[in-house]
Amino acid sequence: MEMSPIAGADEVITRNRDQFLRELVSELANVLESRVGLEAAEGFIARVGSQIGETMNEEYRTIFGTEALDAKQVAQALVDLKSRIEGGFRIEAICPDRIVLTNSACPFAGQVDGRESLCMMTTSVFGRIAASNLGYARVEKTATIARGDPGCRVVIHLTEGEAGREFFG
């Protein structure tokens, strides 16, 4: 039986595949946060982010034609990957002891509001790529859209310290 489109649906329902997937991930994060708590939810999302980071790291190594990216290439790769998923990251600084990135647009769009565990995807992907290439990374989110800040600021420390989540190469 062939069905015709519902009259008027396009004016009311604007959801496409991208919006649907953002909602899906956001609601999964919400369920995790409410059932197991923020810390455990971040742990689950960190695991996924780490696996995605490993795959993307290999892709960027291939693109740059190297077995290990340097700090500038790591920063470029992180900005590029976020750009591909509609994030608004840019490089603020590349220093011997840290890479600082800022962000004006979350890939999760409005679905990230109040879903701090989703930030763990960025933390894990960034941490995995940086540590795999530079030996060590400690990712600190000093501002996030999810917490209500106007933008994100992510510091990828390349030396050990207190704040942030550690990753080892």
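The values are calculated or read from the model by the stated rules, or taken from the named source; none is laboratory data. For clarity, every value in this text was computed on a predicted model and none was experimentally measured. Note that each Cβ is placed from the backbone with ideal geometry, even for glycine, and that neighbours are counted across all protein chains shown. For the accessible areas, the whole protein counts, side chains as well, though only heavy atoms, and no ligand, DNA or RNA atoms are used. Shrake-Rupley method; radii C 1.70, N 1.55, O 1.52, S 1.80 Å.
Per the listing Glu11, Glu86, Glu92, the residue uniquely open to solvent by 50 Å² or more (accessible area, probe 1.4 Å), at positive phi and either assigned to a loop (DSSP other than H, G, I, E, B) or not basic (Lys, Arg) (or both) is Glu86. Restricting attention to the range 113-144, the residues that are farther than 17 Å from Gly88 by Cα, at pLDDT 95 or above, assigned to a helix (DSSP H, G or I) and not β-branched (Val, Ile, Thr) add up to 8.
Go through the range 31-77 residue by residue and tally those that are small (Gly, Ala, Ser) and either modelled with pLDDT of 95 or more or over 20 Å from Arg138 (Cα atoms) (or both). Reasoning before the result, please.
As a first pass, look at the range 31-77 and keep what is small (Gly, Ala, Ser): 34, 37, 40-41, 43, 46, 49-50, 53, 65, 68, 71, 75, 77.
Filter once more, keeping what is either modelled with pLDDT of 95 or more or over 20 Å from Arg138 (Cα atoms) (or both): 34, 37, 65, 68, 71, 75, 77.
Count: 7.
Looking at the range 122-169, which of the residues that are of a type in the set (Asp, Glu) and in contact (Cβ under 8 Å) with a residue 24 or more places away in the chain is surrounded by the most Cβ atoms within 10 Å (Cβ to Cβ)?
Initially, the range 122-169 is screened for residues of a type in the set (Asp, Glu), giving 140, 149, 160, 162, 166.
From the residues that got through so far, the ones that are in contact (Cβ under 8 Å) with a residue 24 or more places away in the chain too are 140, 160, 166.
On the way: Glu140: 17, Glu160: 8, Glu166: 13.
Out of the qualifying residues, it is Glu140.
Looking only at residues in the range 145-169 that are aliphatic (A, V, I, L, M), assigned to a loop (DSSP other than H, G, I, E, B) and within 15 Å of the chain's Cα centre (by Cα), which one is farthest from Ala29 (Cα to Cα)?
Let us first name the residues in the range 145-169 that are aliphatic (A, V, I, L, M), namely 145-146, 154-156, 158, 163.
Next, from what is left, pick out any that are assigned to a loop (DSSP other than H, G, I, E, B): 145-146, 158, 163.
Filter once more, so that each one left must be within 15 Å of the chain's Cα centre (by Cα): 145-146.
On the way: Ile145: 15, Ala146: 12 Å.
Filtering first and then ranking leaves Ile145.
Within the set Gln111, Gln76, the sole residue that is within 17 Å of Tyr60 (Cβ to Cβ), of a type outside the set (Phe, Trp, Tyr) and open to solvent by 20 Å² or more (accessible area, probe 1.4 Å) turns out to be Gln76.
Would you check if Cys119 is under 17 Å from Gly164 (Cα atoms) and surrounded by 16 or more Cβ atoms within 10 Å (Cβ to Cβ)?
On the way: under 17 Å from Gly164 (Cα atoms): yes; surrounded by 16 or more Cβ atoms within 10 Å (Cβ to Cβ): yes.
Yes; evaluated as a whole, the condition is true for this residue.
The lone criterion from (1) open to solvent by 80 Å² or more (accessible area, probe 1.4 Å); (2) of a type outside the set (Phe, Trp, Tyr); (3) within 25 Å of Pro150 (Cα to Cα); (4) assigned to a helix (DSSP H, G or I) left unmet by Arg47 is number (3).
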